[in-house]
Amino acid sequence: MAKLFAGIGTSHVPPIGGAVDHDATQTDYWKPLFDGYEPVKAWMEKEKPDVAIIVYNDHASAFSLKLIPTFAIGVADQFAPADEGFGPRKVPVVQGHSKLAWHIAESLIFDEFDMTIANELPVDHGLTVPLSITCGKPEEWPCKVIPLCVNVIQYPSPTGNRCFNLGKAIRKAVESFDEDIKVAIFGTGGMSHQLQGERAGLVNPAFDKAFLDDLTNDVDRLINISHVEYLREAGSEGAELVMWMIMRGALDDNAKEIYRHYHVPASNTGAGIIVLENEDK
Ligand code: DHB
Ligand code: FE
């Protein structure tokens, strides 16, 4: 049977992808951040997940205000990098796992999570930057990817509790898939940042550090962070952190922290990364 063995929480700041694309990771500005990613790249090479479920938000690339799915799952064989205004990133086309994705869609819908099913889904920085962070600049991405898209752009977005329970349902779906494969799940976005309005530029390292701590110390607190609290403490785009709760819900209650790194600023954002593993991985 398939095993969901680990999770990664990571920011998905677009200029991080730009730094990889333009070979700027060793500049004074970027080096301290990218040095912090090296152990995660080594972990990926060692653990070699067959599939990564990448939970991210589309930033008006595939969807727009015309169509706002709360949760969407990509079931295609391939996902092309989206054009976000400067042409698509020159990164490998993302290879899907259609069979597992359909299995997850079926299991989630029968578990009463009404997923939108995406047969075509151009993937933006929310998904491709976490791949660059964890895999560097390879010819092909080293694992298959199932995109799982969450609306955190247009109010009302799902609660942390709903996201956490979706994570639990994803775990159940993966572990009822009849192939011996290793699956990791990524929760992306955040950490604190606000790109708009009077408080543009807000970062809150104390909030971010407590969030990283409580992924292992006090998940209940994180599940119950309200939208207003995210807005107030982590900024309007800090509310992307709700997607980390899907990743967390898919892991064991006593999942272990293997690694973390936190750096301010990366562009406008408190950039965090954490690796969590189940005990019996
Ligand atoms: C930035 C961060 C994001 O998460 C994003 O989606 C867009 C921009 C930034 O810090 O510039
Ligand atoms: Fe974002």
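The values are calculated or read from the model by the stated rules, or taken from the named source; none is laboratory data. Please read all numbers here as calculations on a predicted model, not as lab measurements. Heads up, the Cβs are rebuilt from the backbone with ideal geometry, glycines too, and the neighbour counts pull from every protein chain shown. When the accessible area is computed, the model is the full protein with side chains, heavy atoms only, and any ligands, DNA or RNA have been set aside. Shrake-Rupley method; radii C 1.70, N 1.55, O 1.52, S 1.80 Å.
Tabulated data
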| read-out | value |
| --- | --- |
| The stretch 176-281 - percent of accessible surface contributed by carbon and sulfur, probe 1.4 Å | 48 percent |
| The chain, relative contact order [Cα under 8 Å, separation at least 6], % | 32 percent |
| Per residue accessible area of the stretch 114-169, 1.4 Å probe, in Å² | 40 Å² |
| Average Cα contact separation per residue, the stretch 74-139, under 8 Å, 6 or more apart, as relative contact order % | 42 percent |
| Protection proxy ranking of 239-251, 29-41, 158-170, 68-80 - average other beta-carbon atoms within 10 Å, highest first | 239-251, 158-170, 68-80, 29-41 |
| The stretch 114-160 - percent of accessible surface contributed by carbon and sulfur, probe 1.4 Å | 49 percent |
| 222 nm mean residue ellipticity, helices alone, for the chain (DSSP H n ≥ 4; -39,500 (n - 2.57); rounded to 500) | -9500 deg cm²/dmol |
| Heavy-atom surface of the stretch 7-50, accessible at 1.4 Å and reported per residue (Å²) | 46 Å² |
| Average silhouette area of the chain, convex hull of alpha-carbon atoms, in square nanometres | 13.3 nm² |
| Those aspartates and glutamates that a straight Cα-Cα span of less than 12 Å connects to K99, excepting residues fewer than 8 apart in one chain | D77, D178, E179 |
| Accessible area of the stretch 1-61 belonging to carbon and sulfur atoms, whole % at 1.4 Å probe | 56 percent |
| Count of lysine pairs in the stretch 136-281 with Cα separation under 16 Å (8 or more residues apart, or interchain) | 5 |
